[in-house]
Each structure stands twice: as structure tokens, then as C-alpha cells.
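All remarks here apply to the structure that follows.
The values are calculated or read from the model by the stated rules, or taken from the named source; none is laboratory data. This one's a predicted model, so the numbers in the text were calculated from it and none came from an experiment. We place every Cβ from the backbone using ideal geometry, glycine too, and count neighbours over all the protein chains shown.
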Ligand SMILES: C[S@@+](CC[C@H](N)C(=O)[O-])C[C@H]1O[C@@H](n2cnc3c(N)ncnc32)[C@H](O)[C@@H]1O
């Protein structure tokens with residue numbers, strides 16, 4: 001067995017930020033599912049398998065109160081993340097080029113952790129490597145500590161198992177693995193293999209290949225081990241490490257889910273084992289992916305304790321998402337009664353509030369805390385409402401990281417996300433917005449610069465487009481090179497102020513700097 005233990009290392013992993021791994025977000029998820037979260041005053045954190053490292057970089061930058069560790073056995077990943085960490089001077093992040101086995105065996109001196117997170121790991125490794133992770137959790141998680149783990153869920157992935165085997169068959173040995181793999185799958189579809197006719201989810205995956213990054217596809221499918229899990233099996237393994245299921249890191253998945261039909265609800269209410277009930281929900285929604293939270297020692301929150309925690313949970317409206325009565329949650333479209341959902345939307349679009357203030361708002365007099373939590377879960381799940389646990393941390397480290405990420409975006413290394421002190425984590429940004437913000441954020445007053453320095457801003461973004469090899473697209477069509485300057489000017493004029501306002505709202509830009517405040 002090589003150091004990769006069946007893991008495909010032929011291409012570096014894509015860059016991604018996953019907010020479900022943020023301590024401030026996880027604490028909000030826990031408290032809003034009535035489980036006591038750890039204190040965020042000072043904490044330790046470990047990410048297993050950090051890939052390009054963007055999640056750990058952003059979390060360390062937005063949580064200067066935390067001591068972060070992250071490991072990945074791929075030296076290329078460690079090199080890339082280390083260079084960003086050092087340039088941004090993030091002294092609270094230790095990057096380790098170690099395997100999970102090394103850590104489980106205690107080969108590296110580590111503290112005990114309050115949070116251990118794994119995104120995109122356990123469905124892509126061998127049973128032996130997963131056992132090393134379980135040993136690591138047993139050894140290094142504090143009592144009261146939190147584990148977030150995401151994985152492919154069997155109920156929604158069972159149809160896809162034969163497709164993954166087919167892709168591995170097509171990939172064979174040697175180079176061009178994804179090309180050979182996907183060609184075989186497409187050929188089988190074109191030759192009307194009955195598997196794809198009888199298994200539409202499997203067919204849908206093949207049809208979607210063209211829209212996805214090849215590096216992602218290699219890491220998703222081309223592993224000797226590609227293992228979807230039943231939730232109950234993961235819960236049982238976690239129980240052996242003294243970990244209890246505390247709920248979901250996805251607001252749409254939190255129980256009681258909003259989309260259950262009355263008869264489905266009645267059936268689930270009769271199921272006394274919460275693990276069994278959760279597994280049944282996977283069947284109702286045909287879930288193919290899960291992001292679960294486990295805790296070592298599950299302390300439920302009484303009404304009184306929930307009220308205490310509610311003072312730490314901050315909520316505010318996302319100005320980019322308008323109110324819609326009908327919303328989609330998982331597989332279902334939900335038509336909301338506007339009696340409470342709309343007042344909640346209006347309230348939170350007026351100002352940031354704590355959950356305690358929402359509990360006491362006259363709009364919801366007569367509703368129980370659980371009924372209010374249910375309204376909020378839907379609103380957060382559809383992106384209308386943003387949430388953060390605890391106070392906003394000092395912003396210096398986030399500013400430094402954003403400056404590095406923006407400078408790199410101008411060189412063609414777009415990260416896709418920036419650090420948001422207000423969110424206690426990261427938020428997405430498109431490649432063009434990143435280049436525009438890179439030009440704007442060096443200005444003493446970005447709003448004034450929109451009028452005063454427009455030629456300079458346009459010239460800078462034009463240079464970035466050339467450096468990155470990206471072509472400007474407007475309305476789905478590529479802009480001819482001779483029109484780029486004029487179009488960029490229009491984009492700055494039409495959306496520059498909005499971009500600045502959005503960046504201030506998320507904390508990408510410091511509000512003190514601009515006349516827009
Ligand atoms: C699918 S990627 C996910 C990366 C990151 N969590 C993300 O979602 O962007 C899995 C990562 O785990 C790392 N990895 C796999 N097996 C490992 C092991 N046994 N020890 C350490 N790292 C491992 C790989 O190098 C890779 O970067």
C-alpha cells in the first residue's frame with residue numbers, strides 16, 4: 001500500500017470554502033437544535049483533509065480567538081495553503097503534512113480539540129483510513145467537543161454505485177483517466193444500456209459531467225473506495241467513539257423538517273428511536289449527501305438555557321435574496337403561510353437582531369420558541385436570513401487574508417470566497433466581482449473612486465482579465481476584446497455601488513473606509 005491508501009492524488013483538489021465547518025455556524029446549528037454548544041471565547045479546532053486549505057484559512061482569519069490545526073497528506077496542498085497563510089500572517093493556523101494515521105497514533109504533538117471537522121473525506125477513503133479517523137476522534141476530542149462530518153448518503157446514492165464502478169473501469173491505468181472514464185460512461189448511455197434507463201439518478205450524473213470541474217470529478221469518482229453510508233451506520237461508529245448525534249449542519253435538514261406531509265409526520269412521530277427516525281427522513285427526501293454534527297456528551301437545552309443561548313445568536317436579512325412565498329427545500333416546494341414568515345423577513349431586513357430579541361418580538365407573541373425556530377430554519381435554509389453565533393471578532397486578520405486572496409484573484413488564482421468577519425467565516429464571490437473588488441479595496445474611499453478613478457479601475461480589471469486568460473461574458477455571450485473596456489465601465493457604473501454595499505454588508509470591505517455608510 002502506498003501513502004495514498006487508495007486515495008486518488010493524480011490532480012490537486014479544487015478550491016472550496018465550506019461554511020458548515022465554521023465554529024460560529026456550528027454553534028448556531030447546535031443551539032437552534034436545542035443542544036448546548038462549546039464556548040467560543042477561546043477554543044481549539046482541527047480540520048482533517050484540508051484540500052487547498054481555503055476553509056481553514058478563512059476560519060482561522062475570522063476566528064482570531066481560536067487555535068487552528070489542519071492536516072492533509074498531500075504535500076502540494078500543504079505548500080499552497082502555507083504560502084497563503086504566511087503571506088496573510090495567520091499565526092493561529094498550524095498546517096500539518098500528516099496522514100490521519102500519523103495523527104491517530106500520536107506522532108504529532110497536539111492539544112485536545114473543541115471542534116474537529118471533515119468535509120468530503122469519509123466517503124472517499126478505505127475502511128482502514130476511516131478507522132484511523134475514529135481513533136483520532138476518540139483520542140483528541142474534548143468532552144463537550146463537536147464533530148462535523150459530511151458524506152455521501154446511501155439512500156440517494158445507491159443508484160450511482162454501478163456508475164462509479166464503470167468510471168473506474170474506464171479510467172484504467174495511466175494518464176487521461178477522467179477522459180477515458182467519462183467517455184466509457186457516455187458511450188454506455190448512448191448505446192442505451194438499461195442501467196441508465198432504469199436508474200435516472202445515475203443517468204443524471206453522466207449528463208451533468210460537462211458542467212463540473214474535472215478536478216472535482218476525479219476526486220469525487222475516481223477512487224478505489226467510493227462509499228456512500230447509511231446514516232445509522234455512521235451514527236453507530238460515532239457512538240463507539242462516545243459521540244452522539246446532535247443534528248444537522250444544514251438548516252434544510254434540521255428536524256422537524258418543514259416539508260413533511262401530515263401522514264409522513266404522523267408516522268415519524270411514532271418512531272421513538274431518533275437514529276431510526278433520521279434514517280427514515282433520508283428515504284422520504286432521497287438524500288444523497290449529509291452533513292452531520294456529533295458531540296461528545298449531548299447536553300440538551302431547556303427553555304431557560306435556550307433563552308440564554310439565544311442572546312448569542314445574531315440574525316439579519318440577506319439583502320440579495322427577495323421574499324418568495326413558495327420556496328424549495330431539499331426535494332420539495334413549500335408554500336409558506338405569510339402570516340409569520342413575511343413579518344420575520346421584514347423584521348430581519350430592518351436590522352440585525354439576536355434570537356432572544358426575535359423570541360420577544362410582538363410579531364410572534366403567542367408562538368412557542370420551537371415554532372419560531374421552525375420559521376427561522378426555513379428562512380436560513382433558503383438564504384433569506386444570515387446567522388452568526390457570538391460577537392464579531394476583530395477584523396485585522398480577515399482583512400489581511402482578503403488582501404492576499406484578492407491579489408491572487410488578479411493573477412488567475414480565484415478562491416471563490418473571501419473572509420467575512422460578520423458571518424464568522426467565508427462567503428462566495430464570483431471571479432469578476434473578485435477582480436473589481438481587488439481594484440476597489442485599495443482605494444481610500446471606494447465609492448468616490450467609482451467616479452473619480454473609473455479609468456484606472458477599468459484598466460486594472462482589464463489587466464486582470466488578460467493575466468487570468470478569462471473572457472468577459474455579458475448575458476451569456478462573450479464580449480469581443482475591443483468592447484471590453486466599454487463594457488467594464490458600464491459594469492462599474494451599474495453595479496459598482498451594489499458590489500461595495502454587499503462587500504460592506506459581509507465585511508469584505510471596512511465600512512469606515514467609504515462614504516457609502
Ligand atoms: C475530497 S478532498 C476534500 C478536501 C477539503 N476538505 C474540501 O472539501 O475542499 C480530500 C482530501 O483529503 C486528503 N486525504 C485523503 N486521505 C488522507 C489521509 N489518509 N490523511 C491525510 N489526508 C488525506 C486528500 O489529500 C484531499 O486533499
Over segment 68-97, the set of residues part of a loop (DSSP other than H, G, I, E, B) and away from the ligand (no atom under 15 Å from the Cβ) is 89, 90, 91, 92
Contact list, first residue from segment 51-62 and in contact (Cβ under 8 Å) with a residue 60 or more places away in the chain, second anywhere and within 11 Å of the ligand (Cβ to nearest atom) and part of a helix (DSSP H, G or I), beta-carbon distance below 7 Å, six or more apart or interchain, is 51/77; 55/21; 57/81; 59/21
Considering only helices (runs of 4 or more DSSP H) wholly within segment 337-421, the ones with at least 1 residues that are within 24 Å of residue 325 (Cβ to Cβ) and in contact with a helix residue (DSSP H, G or I) (Cβ under 7 Å, 6 or more places away or on another chain) are 338-350, 355-360, 369-381
Would you call residue 150 in a helix (DSSP H, G or I), in contact with a strand residue (DSSP E or B) (Cβ under 9 Å, 6 or more places away or on another chain) and within 13 Å of the ligand (Cβ to nearest atom)? no
Q: For segment 173-180, state whether one or more residues are in the same structural domain as residue 215 (by TED's automatic domain parsing), buried (at least 19 other Cβ atoms within 10 Å of the Cβ) and in contact (Cβ under 8 Å) with a residue 40 or more places away in the chain.
A: yes
| In this structure, does residue 420 turn out to be at pLDDT 95 or above and crowded, with 16+ Cβ neighbours inside 10 Å? | yes
Exception for residue 462 within (1) over 24 Å from residue 58 (Cα atoms); (2) touching a residue at least 12 places away in the same chain (Cβ under 8 Å); (3) buried (at least 19 other Cβ atoms within 10 Å of the Cβ) falls at (3)
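Residue by residue, here is whether (1) in contact with a helix residue (DSSP H, G or I) (Cβ under 7 Å, 6 or more places away or on another chain); (2) away from the ligand (no atom under 16 Å from the Cβ); (3) in the same structural domain as residue 162 (by TED's automatic domain parsing) holds:
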{"residue": "195", "(1), (2), (3)": "yes, yes, yes"}
{"residue": "206", "(1), (2), (3)": "yes, yes, yes"}
{"residue": "216", "(1), (2), (3)": "no, no, yes"}
{"residue": "235", "(1), (2), (3)": "yes, yes, no"}
{"residue": "239", "(1), (2), (3)": "no, yes, no"}
{"residue": "254", "(1), (2), (3)": "yes, yes, no"}
{"residue": "259", "(1), (2), (3)": "no, yes, no"}
{"residue": "263", "(1), (2), (3)": "no, yes, no"}
Those residues of segment 46-67 that are within 14 Å of the ligand (Cβ to nearest atom) and either at pLDDT 95 or above or within 23 Å of residue 394 (Cα to Cα) (or both) come to a total of 12
Original post:
at negative phi, surrounded by fewer than 19 Cβ atoms within 10 Å (Cβ to Cβ) and touching a strand residue (DSSP E or B) at 6+ places or on another chain (Cβ under 8 Å), is that true of residue 82?
Top reply: yes
Checking 438, 417 in turn, the sole residue that is outside the structural domain of residue 59 (by TED's automatic domain parsing), closer than 19 Å to residue 407 by Cβ and in contact with a strand residue (DSSP E or B) (Cβ under 9 Å, 6 or more places away or on another chain) turns out to be 417
Going through segment 325-339 in order, the residues found to be out of contact with any strand residue (DSSP E or B) (no Cβ under 9 Å at 6 or more places or on another chain) and closer than 15 Å to residue 380 by Cβ are 329, 330
#### Entry: Flag if residue 324 is within 30 Å of residue 142 (Cβ to Cβ) and part of a loop (DSSP other than H, G, I, E, B)
no
Note to self: Just checking, does segment 430-437 include any residue being farther than 20 Å from residue 413 by Cβ, out of contact with any helix residue (DSSP H, G or I) (no Cβ under 8 Å at 6 or more places or on another chain) and free of Cβ contacts under 8 Å to residues at least 60 places away in the same chain?
What the structure shows: no
Flagged in segment 98-144 as near the ligand (Cβ under 10 Å from one of its atoms) and part of a loop (DSSP other than H, G, I, E, B), in numbering order, are 98, 99, 119, 120, 121, 125, 126
Being at pLDDT 95 or above and under 32 Å from the mean Cα position of the chain (by Cα) narrows 434, 469, 425, 476 down to just 425
Next item on the list: Answer yes or no as to whether residue 28 is part of a helix (DSSP H, G or I), in contact with a strand residue (DSSP E or B) (Cβ under 8 Å, 6 or more places away or on another chain) and away from the ligand (no atom under 16 Å from the Cβ).
Entry: yes
